[in-house]
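Engineer: What follows is a structure written as structure tokens; I'll ask about it next.
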Amino acid sequence: MHWAWALSAATLAVGLEVLYRRGWDWFEYWWLFIPAAIVINFSVYKLVTTGPTLLLAIVAFSLSTLLLRVLASQFLLGEALAKGNLVAVVALVTAAVVGHIWR
């Protein structure tokens, strides 16, 4: 269940980042950004409190946001990916797998 909370928080966070990169001003769209930020914070709270460990919760949220940022950068914003991002994805996936196996 903790992956659902991680994905919900990451999806909203990356979605707001994409809107900001496309020129949406925080002051003009406060009615959208503030409720979304509240939902993100609640999702992170539920992720931390329902996850098996704090470390796995951090890895789940980091992996979710990183994967969605890579996808958003590549397909929505049309930006080239740095090799460091791909190394970070591999490192986080490895950490998630090791954390799941090593219980």
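The values are calculated or read from the model by the stated rules, or taken from the named source; none is laboratory data. As the structure is a computational prediction, the values presented were derived from the model and not from experiment. Using ideal geometry, Cβ is built from the backbone for each residue, glycine included, and neighbour counts are taken over all protein chains shown.
Engineer: In segment 52-97, how many residues are hydroxyl-bearing (Ser, Thr, Tyr) and free of Cβ contacts under 8 Å to residues at least 24 places away in the same chain?
Structural biologist: Counting residues in segment 52-97 that are hydroxyl-bearing (Ser, Thr, Tyr) and free of Cβ contacts under 8 Å to residues at least 24 places away in the same chain gives 2.
Engineer: Limited to segment 71-100, what total is found for residues that are assigned to a helix (DSSP H, G or I) and either of a type in the set (A, V, I, L, M) or farther than 20 Å from Arg21 by Cβ (or both)?
Structural biologist: So the answer is 19.
Engineer: Is at least one residue of segment 19-31 within 21 Å of Ile101 (Cα to Cα) and in a helix (DSSP H, G or I)?
Structural biologist: Scanning segment 19-31 turns up no residue that is within 21 Å of Ile101 (Cα to Cα) and in a helix (DSSP H, G or I).
Engineer: Just need a number here: residues in segment 21-51 that are surrounded by 13 or more Cβ atoms within 10 Å (Cβ to Cβ), farther than 20 Å from Arg69 by Cα and not aliphatic (A, V, I, L, M).
Structural biologist: 4
Engineer: Something else now. In segment 45-103, which residues are of a type in the set (Val, Ile, Thr) and in contact with a helix residue (DSSP H, G or I) (Cβ under 8 Å, 6 or more places away or on another chain)?
Structural biologist: Selection gives Val48, Thr50, Thr53, Val59, Thr65, Val70, Val89, Val93.
Engineer: Before we move on, is Thr11 of a type in the set (Ser, Thr, Tyr), in contact (Cβ under 8 Å) with a residue 24 or more places away in the chain and under 20 Å from Val97 (Cβ atoms)?
Structural biologist: No, not satisfied.
Residue-by-condition table, conditions (1) within 13 Å of the chain's Cα centre (by Cα); (2) closer than 14 Å to Ala6 by Cα:
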residue: Leu54; (1), (2): no, yes
residue: Val59; (1), (2): yes, yes
residue: Thr65; (1), (2): yes, yes
residue: Leu68; (1), (2): yes, yes
residue: Leu71; (1), (2): yes, no
residue: Gln74; (1), (2): no, no
residue: Ala82; (1), (2): no, no
residue: Leu86; (1), (2): no, no
residue: Val89; (1), (2): yes, no
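Engineer: Next question, about the same structure. Does Val59 satisfy the condition of being loosely packed, with under 13 Cβ neighbours inside 10 Å, among the hydrophobic types (A, V, I, L, M, F, W, C) and at pLDDT below 85?
Structural biologist: Against the criterion (loosely packed, with under 13 Cβ neighbours inside 10 Å, among the hydrophobic types (A, V, I, L, M, F, W, C) and at pLDDT below 85), Val59 does not qualify.
Engineer: Restricting attention to segment 1-34, report how many residues are more than 17 Å from the chain's Cα centre (by Cα) and at negative phi.
Structural biologist: Count: 11.
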